[in-house]
1. Scan the range 254-279 for residues that are of a type in the set (A, V, I, L, M, F, W, C) and out of contact with any Ser or Thr (no Cβ under 8 Å at 6 or more places or on another chain) and jot them down.
2. Across the range 285-297, what is the total count of residues that are assigned to a strand (DSSP E or B) and either surrounded by 15 or more Cβ atoms within 10 Å (Cβ to Cβ) or modelled with pLDDT of 95 or more (or both)?
3. Out of everything in the range 210-238 that is more than 27 Å from residue 133 (Cβ to Cβ) and among the aromatic types (Phe, Trp, Tyr), what residue ends up being modelled with the highest pLDDT?
4. Considering only residues that are outside any strand (DSSP E or B) and either among the aromatic types (Phe, Trp, Tyr) or closer than 22 Å to residue 319 by Cβ (or both), which ones fall in the range 352-363?
5. Please enumerate the residues belonging to the range 143-164 that are closer than 17 Å to residue 24 by Cα and either surrounded by 14 or more Cβ atoms within 10 Å (Cβ to Cβ) or among the hydroxyl-bearing types (Ser, Thr, Tyr) (or both).
6. Scan the range 264-302 for residues that are among the polar types (S, T, N, Q) and either in contact with a Gly (Cβ under 8 Å, 6 or more places away or on another chain) or closer than 30 Å to residue 354 by Cα (or both) and jot them down.
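The values are calculated or read from the model by the stated rules, or taken from the named source; none is laboratory data. Just so it is clear, the model here is predicted, and its values are computed rather than measured. When we count neighbours, we look across all protein chains shown, and the Cβ atoms used for this are built from the backbone with ideal geometry, even at glycine.
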Amino acid sequence: MLASLFSLSLCAANIRNTKVERQYKITDGFVAVSLDITFTNFGDKATSEYVLSFDPREAAHMNTVIAVMNRKHIRNTQKSLVIKDQNGQKVVTLLSPLEPGASQTIYVGYTIGQYILFTTNGVTLKNLRVDCYFNTTIGFVSPYQTEEVSLEISGISKNSVTSMTKNLDITQKSNTISMQSIKTVPKNNELYVEYFIYKALPYVSAVNTSTHISHWGISKQESFMEVHNDGPEFVGEFNRIDFRESSNCYFQTVPVRPPADSYHFWANDESGQLQREINLEDKDLSIPLRGPVLPSWKVTYTTGWTVKTSNFVRTEGNTYIFSAPLFPKPYADRGVSVSHIRSEYVFPEGAEIKKITYPQAINGRHHFGQEVCNLDFKGRSVVVIEADRLSSIDETTVQIEYTIEGKYALYKIAYLSAGFGAIFLAIVVLRKIDLSIPSFEKKN
């Protein structure tokens, strides 16, 4: 038995990371990570899997992980290789087995939310500076041996750095910190940077979207959002007299990207309408808030619009295919973490759901329901898709296939017309309305 185990170990795949490029892009409190991993099979047996490990603190704040073969798809969940969770690690299934002596490069992308630490106890109206702390490992965390690794951190201004790990071969430019060709990891395997910013740190805890699909040409969509300023706690009382617009540590608008060709935009909060007219600025809506959202504060609102059904739905034979992003994206250009997404899709009465497709990478879940609207006979099919820990820069598309009887709408119109006609005739009879034309006699 020992001899057989020894022979199996000799034949096992021996993966080694020959080169790894790590890039961290910090946009205020949002961190987008990309890894270019080149690895070689030095064993005697082909393998179809590659195992990813992560620093524990990063893993605790990490959003969806995407692994692709082409770097331009690194934020596209549709293109991701199959990834499975296994004992706290991510196991990537390769497109084809990696033969002995062969090398391959995969590109891994993920985002981190609420990761930046603060050395400031709190902020006040007189001091809105936020002191931040960012750290990461110098070496590449992996179950495999790594021969060479490079590290680049962008988004931290050189003039804002107050402290950094010493005795390291670090190149620091205006907005970039980098370490090239690290072949021997130092004993203190940590790079930390202390710096300050005067910016808001937006974070979205919930997005609940409802889409009503109509086959009469126009569909409606609305979305509830809960947005936080994830900075250190605001200390003291706020009043508009003392408040001065001298810092960017707060935000008063939230950019949201609706579907293309949307129109008739609106936005409400708990107190009512936020603004009478809202227009697109390039591709985004700028949702106006009632006041500044200072660090540690949050705001909730609901926004919506009208869109042509043809933007969402296409036909293939007798099947209708609904295809749209999972949710309207807040901060679509710069990126933001979203803790929980719930998207509800209400289909026309008589629709029968055939197939639901969304990326495996988001670890989503779905369930069905029914909604009865005015003048419905039997209610409408509802599909609800939920997911956790996504980001607004990831491309995530939902596709739902359904069928609907072509004559159903005509039957419904006929039934409703007959019903309303019968009601009208009943009213005429019951009220004994005299519909005759009276005659008038000429007076002498």
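1. To start, the set of residues in the range 254-279 that are of a type in the set (A, V, I, L, M, F, W, C) comprises 254, 256, 260, 265-267, 274, 278.
Residues satisfying the conditions are 260, 274.
2. Going residue by residue through the range 285-297, those that are assigned to a strand (DSSP E or B) are 285-293.
From what's left, either surrounded by 15 or more Cβ atoms within 10 Å (Cβ to Cβ) or modelled with pLDDT of 95 or more (or both): 285-287, 289, 292-293.
Within the range 285-297, residues that are assigned to a strand (DSSP E or B) and either surrounded by 15 or more Cβ atoms within 10 Å (Cβ to Cβ) or modelled with pLDDT of 95 or more (or both) number 6.
3. Step one: list which residues in the range 210-238 are more than 27 Å from residue 133 (Cβ to Cβ), which gives 210-225, 237.
Pick out the ones that are also among the aromatic types (Phe, Trp, Tyr) and you get 216, 224.
Working: 216: 87, 224: 98.
Residue satisfying both the conditions and the ranking: 224.
4. Step one: list which residues in the range 352-363 are outside any strand (DSSP E or B), which gives 358-363.
358, 359, listed by residue number.
5. Pass one, the range 143-164, residues closer than 17 Å to residue 24 by Cα: 149-158, 161, 164.
Within the range 143-164, 149, 150, 151, 152, 153, 154, 155, 156, 157, 161, 164 meet the criteria.
6. Going residue by residue through the range 264-302, those that are among the polar types (S, T, N, Q) are 268, 271, 273, 275, 279, 286, 296, 300, 302.
Hit for the range 264-302 is 296, nothing else.
Residues are listed down the side, and each one gets a yes or a no for (1) over 30 Å from residue 254 (Cα atoms); (2) in a strand (DSSP E or B):
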residue	(1), (2)
167	yes, no
179	yes, yes
186	yes, no
205	no, yes
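Rundown of residues vs (1) in the same structural domain as residue 13 (by TED's automatic domain parsing); (2) in contact with a Ser or Thr (Cβ under 6 Å, 6 or more places away or on another chain); (3) surrounded by 14 or more Cβ atoms within 10 Å (Cβ to Cβ), yes/no style:
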{"residue": "50", "(1), (2), (3)": "yes, no, yes"}
{"residue": "55", "(1), (2), (3)": "yes, yes, yes"}
{"residue": "59", "(1), (2), (3)": "yes, no, yes"}
{"residue": "79", "(1), (2), (3)": "yes, no, yes"}
{"residue": "85", "(1), (2), (3)": "yes, no, no"}
{"residue": "95", "(1), (2), (3)": "yes, no, no"}
